[in-house]
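Have a look at this one.
The values are calculated or read from the model by the stated rules, or taken from the named source; none is laboratory data. As the structure is a computational prediction, the values presented were derived from the model and not from experiment. Please note: Cβ atoms are built from the backbone with ideal geometry, for glycine as well, and neighbour counts cover all protein chains shown. Calculation scope for accessible area: heavy atoms of the full protein, side chains included, ligands and nucleic acids excluded. Shrake-Rupley method; radii C 1.70, N 1.55, O 1.52, S 1.80 Å.
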Amino acid sequence: MRKLFAFALMLIGLVGCQSQDNSTPQTKKEKSGTNIQYPIPVAATVGMVADLVKNVGQEYVDVKQIMGTGVDPHMHKASRDDVVAIMNADVVFYSGLMLEGKMTDTLIKVSRNKPVYAVTELINEKTLLEPDDFSGHYDPHVWMDVSAWSQCVDAVKDALSQYDPQHADVYEKNAASYKQKLEQLHKYGLETLKSIPEDSRTLITSHDAFNYFGRAYGLDVQGVQGISTESEAGLKRINELVDLLVKKKIKAVFVESSVSKKNITALIEGARAQGHQIEIGGELFSDAMGEPGTYEGTYLGMLDHNITIVARALGGTAPEKGMQDKLTP
(Lines give C-alpha, C1' and ligand atoms only; values in the text may rest on other atoms or scores of the structure.)
Protein backbone atom coordinates (compact mmCIF):
# COMPACT_ATOMS: atom_id res chain seq x y z
CA MET A 1 0.00 0.00 0.00
CA ARG A 2 2.85 2.39 0.79
CA LYS A 3 4.32 1.75 -2.67
CA LEU A 4 0.96 2.36 -4.35
CA PHE A 5 0.51 5.62 -2.40
CA ALA A 6 3.98 6.78 -3.38
CA PHE A 7 3.28 5.92 -7.03
CA ALA A 8 0.04 7.91 -6.91
CA LEU A 9 1.85 10.94 -5.47
CA MET A 10 4.49 10.66 -8.20
CA LEU A 11 1.82 10.61 -10.94
CA ILE A 12 0.07 13.62 -9.41
CA GLY A 13 3.38 15.46 -9.37
CA LEU A 14 4.09 14.56 -12.99
CA VAL A 15 0.64 15.61 -14.16
CA GLY A 16 0.87 18.82 -12.17
CA CYS A 17 4.21 19.72 -13.72
CA GLN A 18 2.99 19.00 -17.25
CA SER A 19 -0.24 20.91 -16.68
CA GLN A 20 1.80 23.96 -15.72
CA ASP A 21 3.88 23.57 -18.86
CA ASN A 22 0.77 23.25 -21.02
CA SER A 23 -0.69 26.45 -19.58
CA THR A 24 2.11 28.64 -20.92
CA PRO A 25 1.16 31.15 -23.64
CA GLN A 26 3.18 29.22 -26.24
CA THR A 27 1.08 26.03 -25.94
CA LYS A 28 -2.31 27.17 -24.69
CA LYS A 29 -4.73 29.24 -26.70
CA GLU A 30 -8.13 30.46 -25.64
CA LYS A 31 -10.79 31.18 -28.24
CA SER A 32 -14.12 32.94 -27.77
CA GLY A 33 -13.76 32.90 -24.02
CA THR A 34 -13.45 29.11 -23.76
CA ASN A 35 -10.80 27.30 -21.77
CA ILE A 36 -10.17 24.64 -24.39
CA GLN A 37 -6.52 24.02 -25.17
CA TYR A 38 -5.60 23.80 -28.87
CA PRO A 39 -4.57 21.45 -30.18
CA ILE A 40 -6.75 19.38 -27.84
CA PRO A 41 -4.63 16.76 -26.00
CA VAL A 42 -6.17 13.40 -26.93
CA ALA A 43 -5.18 9.88 -25.90
CA ALA A 44 -6.15 6.93 -28.13
CA THR A 45 -5.50 3.29 -27.32
CA VAL A 46 -4.67 1.67 -30.68
CA GLY A 47 -3.48 2.97 -34.03
CA MET A 48 -6.79 2.48 -35.82
CA VAL A 49 -8.56 4.66 -33.26
CA ALA A 50 -5.79 7.27 -33.23
CA ASP A 51 -5.99 7.50 -37.01
CA LEU A 52 -9.74 8.12 -36.86
CA VAL A 53 -9.29 10.99 -34.42
CA LYS A 54 -6.48 12.52 -36.48
CA ASN A 55 -8.57 12.49 -39.64
CA VAL A 56 -11.64 14.02 -38.00
CA GLY A 57 -9.86 16.45 -35.66
CA GLN A 58 -6.88 17.32 -37.87
CA GLU A 59 -5.15 20.53 -36.69
CA TYR A 60 -7.40 20.85 -33.65
CA VAL A 61 -6.16 17.66 -31.95
CA ASP A 62 -2.82 16.38 -30.71
CA VAL A 63 -3.18 12.61 -30.47
CA LYS A 64 -1.06 10.43 -28.20
CA GLN A 65 -1.29 6.77 -29.23
CA ILE A 66 -0.97 4.37 -26.29
CA MET A 67 -0.21 1.08 -28.10
CA GLY A 68 2.32 1.28 -30.90
CA THR A 69 3.27 -0.83 -33.90
CA GLY A 70 3.29 -4.58 -33.27
CA VAL A 71 1.61 -4.31 -29.85
CA ASP A 72 -1.12 -6.86 -29.13
CA PRO A 73 -4.02 -4.94 -27.51
CA HIS A 74 -5.56 -8.13 -26.13
CA MET A 75 -2.54 -8.66 -23.88
CA HIS A 76 -1.42 -5.08 -23.23
CA LYS A 77 -1.37 -3.89 -19.62
CA ALA A 78 -1.34 -0.18 -18.86
CA SER A 79 2.19 0.95 -18.00
CA ARG A 80 3.24 3.98 -15.96
CA ASP A 81 3.74 5.98 -19.17
CA ASP A 82 0.31 4.92 -20.45
CA VAL A 83 -1.36 6.14 -17.27
CA VAL A 84 0.47 9.48 -17.46
CA ALA A 85 -0.55 9.92 -21.13
CA ILE A 86 -4.19 9.19 -20.32
CA MET A 87 -4.21 11.51 -17.32
CA ASN A 88 -2.66 14.33 -19.36
CA ALA A 89 -5.28 14.01 -22.10
CA ASP A 90 -8.42 16.14 -22.15
CA VAL A 91 -10.32 13.50 -24.13
CA VAL A 92 -9.73 9.74 -24.38
CA PHE A 93 -10.80 7.41 -27.20
CA TYR A 94 -10.68 3.61 -27.28
CA SER A 95 -12.04 0.94 -29.60
CA GLY A 96 -14.29 -0.99 -27.22
CA LEU A 97 -15.99 -4.40 -27.54
CA MET A 98 -13.37 -5.76 -25.09
CA LEU A 99 -10.44 -5.22 -27.47
CA GLU A 100 -8.49 -3.44 -24.73
CA GLY A 101 -9.37 -6.11 -22.17
CA LYS A 102 -6.56 -5.52 -19.69
CA MET A 103 -6.91 -1.72 -19.85
CA THR A 104 -10.65 -1.63 -19.21
CA ASP A 105 -10.38 -0.90 -15.49
CA THR A 106 -8.04 2.04 -16.15
CA LEU A 107 -10.41 3.49 -18.74
CA ILE A 108 -13.40 3.15 -16.40
CA LYS A 109 -11.61 5.00 -13.62
CA VAL A 110 -10.49 7.79 -15.93
CA SER A 111 -14.05 8.24 -17.28
CA ARG A 112 -15.13 9.56 -13.87
CA ASN A 113 -13.06 12.70 -14.39
CA LYS A 114 -12.90 13.32 -18.15
CA PRO A 115 -14.66 12.37 -21.40
CA VAL A 116 -13.87 8.80 -22.49
CA TYR A 117 -15.42 7.41 -25.68
CA ALA A 118 -15.60 4.00 -27.36
CA VAL A 119 -15.53 4.61 -31.12
CA THR A 120 -17.60 1.45 -31.75
CA GLU A 121 -20.52 2.66 -29.62
CA LEU A 122 -22.61 3.83 -32.61
CA ILE A 123 -22.17 0.69 -34.72
CA ASN A 124 -25.47 -1.02 -35.48
CA GLU A 125 -25.58 -4.26 -33.46
CA LYS A 126 -26.77 -6.11 -36.55
CA THR A 127 -23.36 -5.37 -38.04
CA LEU A 128 -21.49 -7.02 -35.17
CA LEU A 129 -20.42 -10.67 -35.08
CA GLU A 130 -20.79 -12.91 -32.03
CA PRO A 131 -18.63 -16.01 -32.64
CA ASP A 132 -19.45 -19.27 -30.85
CA ASP A 133 -16.13 -19.34 -29.01
CA PHE A 134 -16.69 -15.75 -27.80
CA SER A 135 -20.23 -16.35 -26.57
CA GLY A 136 -21.87 -13.37 -24.93
CA HIS A 137 -19.43 -10.88 -26.48
CA TYR A 138 -19.00 -9.33 -29.89
CA ASP A 139 -15.91 -9.79 -32.03
CA PRO A 140 -13.96 -6.52 -31.54
CA HIS A 141 -12.06 -6.56 -34.88
CA VAL A 142 -14.63 -4.36 -36.64
CA TRP A 143 -12.03 -2.33 -38.56
CA MET A 144 -11.44 -5.32 -40.85
CA ASP A 145 -14.69 -4.42 -42.62
CA VAL A 146 -14.13 -0.91 -43.97
CA SER A 147 -17.86 -0.26 -44.32
CA ALA A 148 -18.41 -1.15 -40.65
CA TRP A 149 -15.45 0.89 -39.42
CA SER A 150 -16.80 3.86 -41.35
CA GLN A 151 -19.65 3.97 -38.82
CA CYS A 152 -17.08 4.82 -36.13
CA VAL A 153 -16.25 8.13 -37.84
CA ASP A 154 -19.52 9.62 -36.61
CA ALA A 155 -18.77 8.59 -33.03
CA VAL A 156 -15.50 10.54 -33.14
CA LYS A 157 -17.14 13.50 -34.89
CA ASP A 158 -19.93 13.65 -32.29
CA ALA A 159 -17.50 13.36 -29.37
CA LEU A 160 -15.21 16.14 -30.61
CA SER A 161 -18.18 18.35 -31.45
CA GLN A 162 -19.60 17.87 -27.97
CA TYR A 163 -16.29 18.77 -26.35
CA ASP A 164 -15.46 21.59 -28.77
CA PRO A 165 -18.79 22.83 -30.21
CA GLN A 166 -17.32 25.94 -31.82
CA HIS A 167 -15.54 23.74 -34.38
CA ALA A 168 -18.40 21.27 -34.89
CA ASP A 169 -18.81 22.33 -38.52
CA VAL A 170 -15.12 21.60 -39.17
CA TYR A 171 -15.39 18.13 -37.63
CA GLU A 172 -18.52 17.50 -39.70
CA LYS A 173 -16.72 18.43 -42.91
CA ASN A 174 -13.62 16.39 -42.06
CA ALA A 175 -15.73 13.35 -41.18
CA ALA A 176 -17.65 13.50 -44.46
CA SER A 177 -14.42 13.78 -46.45
CA TYR A 178 -12.82 10.85 -44.65
CA LYS A 179 -15.90 8.65 -45.10
CA GLN A 180 -15.64 9.19 -48.86
CA LYS A 181 -12.09 7.84 -48.77
CA LEU A 182 -13.25 4.82 -46.76
CA GLU A 183 -16.00 4.15 -49.31
CA GLN A 184 -13.40 4.08 -52.09
CA LEU A 185 -11.26 1.64 -50.08
CA HIS A 186 -14.25 -0.63 -49.43
CA LYS A 187 -15.05 -0.75 -53.15
CA TYR A 188 -11.42 -1.60 -53.89
CA GLY A 189 -11.65 -4.48 -51.43
CA LEU A 190 -14.84 -5.84 -53.00
CA GLU A 191 -13.47 -5.70 -56.54
CA THR A 192 -9.95 -6.91 -55.79
CA LEU A 193 -10.75 -9.86 -53.55
CA LYS A 194 -13.50 -10.97 -55.94
CA SER A 195 -10.71 -11.66 -58.45
CA ILE A 196 -9.46 -14.61 -56.34
CA PRO A 197 -10.61 -17.94 -57.86
CA GLU A 198 -13.57 -19.30 -55.91
CA ASP A 199 -11.82 -22.51 -54.85
CA SER A 200 -8.91 -20.46 -53.42
CA ARG A 201 -10.88 -18.04 -51.25
CA THR A 202 -9.68 -19.44 -47.92
CA LEU A 203 -7.74 -17.12 -45.63
CA ILE A 204 -5.79 -18.79 -42.82
CA THR A 205 -4.12 -16.52 -40.26
CA SER A 206 -2.63 -16.62 -36.77
CA HIS A 207 -5.84 -15.74 -34.89
CA ASP A 208 -9.48 -14.96 -35.58
CA ALA A 209 -9.03 -11.26 -36.32
CA PHE A 210 -10.35 -11.46 -39.88
CA ASN A 211 -13.96 -12.62 -39.50
CA TYR A 212 -15.35 -9.21 -40.50
CA PHE A 213 -12.86 -9.12 -43.37
CA GLY A 214 -14.08 -12.50 -44.61
CA ARG A 215 -17.76 -11.62 -44.32
CA ALA A 216 -17.33 -8.28 -46.10
CA TYR A 217 -15.16 -9.53 -48.96
CA GLY A 218 -16.31 -13.11 -49.54
CA LEU A 219 -13.54 -15.19 -47.95
CA ASP A 220 -13.64 -18.29 -45.76
CA VAL A 221 -11.53 -17.18 -42.79
CA GLN A 222 -9.84 -19.64 -40.44
CA GLY A 223 -7.69 -18.59 -37.48
CA VAL A 224 -5.34 -20.87 -35.58
CA GLN A 225 -6.11 -19.11 -32.30
CA GLY A 226 -9.44 -17.70 -31.15
CA ILE A 227 -10.68 -14.10 -31.08
CA SER A 228 -8.27 -13.19 -28.30
CA THR A 229 -4.59 -14.07 -28.53
CA GLU A 230 -4.81 -15.21 -24.91
CA SER A 231 -6.33 -18.46 -26.17
CA GLU A 232 -3.80 -21.15 -26.94
CA ALA A 233 -3.96 -23.10 -30.18
CA GLY A 234 -4.40 -26.81 -29.47
CA LEU A 235 -2.86 -29.66 -31.42
CA LYS A 236 -6.34 -30.70 -32.59
CA ARG A 237 -6.97 -27.28 -34.16
CA ILE A 238 -3.60 -27.28 -35.92
CA ASN A 239 -4.22 -30.77 -37.32
CA GLU A 240 -7.68 -29.71 -38.55
CA LEU A 241 -6.20 -26.79 -40.44
CA VAL A 242 -3.37 -28.89 -41.88
CA ASP A 243 -5.96 -31.34 -43.27
CA LEU A 244 -7.91 -28.39 -44.72
CA LEU A 245 -4.77 -26.98 -46.38
CA VAL A 246 -3.94 -30.31 -47.97
CA LYS A 247 -7.51 -31.13 -49.03
CA LYS A 248 -8.16 -27.76 -50.69
CA LYS A 249 -4.58 -27.43 -51.96
CA ILE A 250 -4.32 -23.96 -50.49
CA LYS A 251 -1.12 -22.26 -51.62
CA ALA A 252 -0.53 -19.67 -48.92
CA VAL A 253 -1.12 -18.86 -45.26
CA PHE A 254 -0.52 -15.54 -43.53
CA VAL A 255 1.31 -14.32 -40.44
CA GLU A 256 0.30 -11.23 -38.46
CA SER A 257 2.45 -8.30 -37.41
CA SER A 258 1.34 -8.36 -33.76
CA VAL A 259 1.10 -12.14 -33.19
CA SER A 260 3.75 -14.86 -32.88
CA LYS A 261 4.47 -16.81 -36.07
CA LYS A 262 4.97 -20.18 -34.35
CA ASN A 263 1.49 -21.56 -35.10
CA ILE A 264 1.69 -20.66 -38.78
CA THR A 265 5.09 -22.35 -38.92
CA ALA A 266 3.50 -25.46 -37.42
CA LEU A 267 0.88 -25.47 -40.19
CA ILE A 268 3.50 -25.22 -42.91
CA GLU A 269 5.54 -28.06 -41.41
CA GLY A 270 2.44 -30.22 -40.94
CA ALA A 271 1.35 -29.74 -44.56
CA ARG A 272 4.88 -30.43 -45.78
CA ALA A 273 4.86 -33.72 -43.87
CA GLN A 274 1.83 -34.71 -45.96
CA GLY A 275 3.57 -33.73 -49.20
CA HIS A 276 1.88 -30.35 -49.68
CA GLN A 277 4.05 -27.25 -50.03
CA ILE A 278 2.74 -23.98 -48.63
CA GLU A 279 4.31 -20.55 -48.53
CA ILE A 280 3.75 -17.55 -46.29
CA GLY A 281 1.66 -15.23 -48.43
CA GLY A 282 2.73 -12.20 -46.46
CA GLU A 283 2.47 -10.42 -43.14
CA LEU A 284 -0.94 -8.91 -42.46
CA PHE A 285 -1.83 -6.11 -40.08
CA SER A 286 -4.47 -7.33 -37.65
CA ASP A 287 -4.52 -5.62 -34.23
CA ALA A 288 -1.92 -2.96 -35.03
CA MET A 289 -1.02 -0.81 -38.02
CA GLY A 290 2.36 -0.36 -39.72
CA GLU A 291 5.24 1.87 -38.73
CA PRO A 292 4.43 5.53 -37.95
CA GLY A 293 5.13 7.86 -40.84
CA THR A 294 4.49 5.19 -43.48
CA TYR A 295 1.41 4.67 -45.63
CA GLU A 296 0.90 1.31 -43.92
CA GLY A 297 0.93 3.23 -40.63
CA THR A 298 -2.47 4.70 -41.52
CA TYR A 299 -5.80 2.90 -41.51
CA LEU A 300 -6.19 3.37 -45.27
CA GLY A 301 -2.72 1.95 -45.85
CA MET A 302 -3.24 -0.91 -43.39
CA LEU A 303 -6.36 -2.20 -45.16
CA ASP A 304 -4.99 -1.44 -48.63
CA HIS A 305 -1.98 -3.59 -47.69
CA ASN A 306 -4.11 -6.47 -46.37
CA ILE A 307 -6.47 -6.49 -49.36
CA THR A 308 -3.66 -6.31 -51.89
CA ILE A 309 -1.43 -8.93 -50.22
CA VAL A 310 -4.26 -11.46 -49.77
CA ALA A 311 -5.51 -11.05 -53.33
CA ARG A 312 -2.09 -11.49 -54.91
CA ALA A 313 -1.09 -14.44 -52.70
CA LEU A 314 -4.33 -16.39 -53.28
CA GLY A 315 -4.31 -16.05 -57.05
CA GLY A 316 -6.25 -12.84 -57.57
CA THR A 317 -5.16 -9.70 -59.36
CA ALA A 318 -4.13 -6.48 -57.63
CA PRO A 319 -1.61 -3.73 -58.34
CA GLU A 320 1.68 -4.40 -56.55
CA LYS A 321 1.56 -1.02 -54.78
CA GLY A 322 -2.13 -1.17 -53.97
CA MET A 323 -5.11 1.08 -54.53
CA GLN A 324 -3.20 4.37 -54.25
CA ASP A 325 0.15 3.13 -55.59
CA LYS A 326 1.66 3.83 -52.18
CA LEU A 327 2.38 0.40 -50.70
CA THR A 328 5.93 -0.69 -50.03
CA PRO A 329 6.61 -3.53 -52.53
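Can you run down the residue pairs with Cβ atoms below 7 Å, 6 or more apart or on separate chains, where the first is in segment 119-133 and in contact (Cβ under 8 Å) with a residue 60 or more places away in the chain and within 12 Å of Asn211 (Cα to Cα) and the partner is open to solvent by less than 30 Å² (accessible area, probe 1.4 Å) and in a helix (DSSP H, G or I)?
Here the result reads Leu129/Tyr212, each pair linking segment 119-133 to a residue that is open to solvent by less than 30 Å² (accessible area, probe 1.4 Å) and in a helix (DSSP H, G or I).
Test of understanding: among Gly223, Gly293, which residue is open to solvent by 30 Å² or more (accessible area, probe 1.4 Å), under 30 Å from Lys102 (Cα atoms) and free of Cβ contacts under 8 Å to residues at least 24 places away in the same chain?
Every option except Gly293 fails the conditions.
Which of the residues that make up segment 245-290 are under 17 Å from Leu314 (Cβ atoms), among the β-branched types (Val, Ile, Thr) and open to solvent by less than 70 Å² (accessible area, probe 1.4 Å)?
Val246, Ile250, Val253, Val255, Ile264, Ile268, Ile278
Name the residue that is nearest to the chain's Cα centre (by Cα), counting only residues in segment 303-313 that are closer than 12 Å to Gly282 by Cβ and open to solvent by less than 10 Å² (accessible area, probe 1.4 Å). Even if it seems obvious, please write down each step before you answer.
Filtering segment 303-313 down to residues closer than 12 Å to Gly282 by Cβ leaves 305-313.
Going one step further and asking which of them are open to solvent by less than 10 Å² (accessible area, probe 1.4 Å), we end up with 306-308, 310-311.
Numbers: Asn306: 13, Ile307: 15, Thr308: 18, Val310: 18, Ala311: 21 Å.
Filtering segment 303-313 for residues that are closer than 12 Å to Gly282 by Cβ and open to solvent by less than 10 Å² (accessible area, probe 1.4 Å), the one nearest to the chain's Cα centre (by Cα) comes out as Asn306.
Can you tell me which residue among Met48, Met98, Met67 is open to solvent by 40 Å² or more (accessible area, probe 1.4 Å) and not charged (D, E, K, R)? Break it down stepwise before answering.
Numbers: Met48 fails: open to solvent by 40 Å² or more (accessible area, probe 1.4 Å); Met67 fails: open to solvent by 40 Å² or more (accessible area, probe 1.4 Å).
Sole residue among the options that is open to solvent by 40 Å² or more (accessible area, probe 1.4 Å) and not charged (D, E, K, R): Met98.
Would you say Glu296 is touching a strand residue (DSSP E or B) at 6+ places or on another chain (Cβ under 8 Å) and at pLDDT 90 or above? Before you say what the answer is, go through the steps one by one.
Numbers: touching a strand residue (DSSP E or B) at 6+ places or on another chain (Cβ under 8 Å): no; at pLDDT 90 or above: yes.
Here the answer is no, as Glu296 does not meet what is asked.
Please work out which one of (1) at pLDDT 95 or above; (2) part of a helix (DSSP H, G or I) is the condition Asp243 fails and give its number.
If we test Asp243 against (1) at pLDDT 95 or above; (2) part of a helix (DSSP H, G or I), just (1) comes out false.
Can you find a residue that is in contact with an Asp or Glu (Cβ under 7 Å, 6 or more places away or on another chain), assigned to a loop (DSSP other than H, G, I, E, B) and of a type in the set (Phe, Trp, Tyr) anywhere in segment 118-139?
Yes: one or more hits.
Something else: Sort out which residues of segment 119-143 are touching a Cys at 6+ places or on another chain (Cβ under 9 Å), over 18 Å from Gly223 (Cα atoms) and of a type outside the set (Asp, Glu), and write them in order of number. Lay out the reasoning, then the answer.
Our first condition is that a residue be touching a Cys at 6+ places or on another chain (Cβ under 9 Å); within segment 119-143, this holds for 119-123, 142-143.
Imposing the further condition that a residue be over 18 Å from Gly223 (Cα atoms) reduces the set to 119-123.
Val119, Thr120, Leu122, Ile123 - these are the residues of segment 119-143 that are touching a Cys at 6+ places or on another chain (Cβ under 9 Å), over 18 Å from Gly223 (Cα atoms) and of a type outside the set (Asp, Glu).
Mind listing whichever residues of segment 62-102 are touching a Phe, Trp or Tyr at 6+ places or on another chain (Cβ under 9 Å) and assigned to a strand (DSSP E or B)?
Listed by number, the residues that qualify are Asp62, Val63, Val91, Val92, Phe93, Tyr94.
Something else now. Pick out the one residue from Tyr163, Tyr178, Tyr171 that is surrounded by 15 or more Cβ atoms within 10 Å (Cβ to Cβ), within 19 Å of Lys54 (Cα to Cα) and out of contact with any helix residue (DSSP H, G or I) (no Cβ under 9 Å at 6 or more places or on another chain). Step through it out loud before you land on a result.
Details: Tyr178 fails: out of contact with any helix residue (DSSP H, G or I) (no Cβ under 9 Å at 6 or more places or on another chain); Tyr171 fails: out of contact with any helix residue (DSSP H, G or I) (no Cβ under 9 Å at 6 or more places or on another chain).
Checking each option against the conditions leaves just Tyr163.
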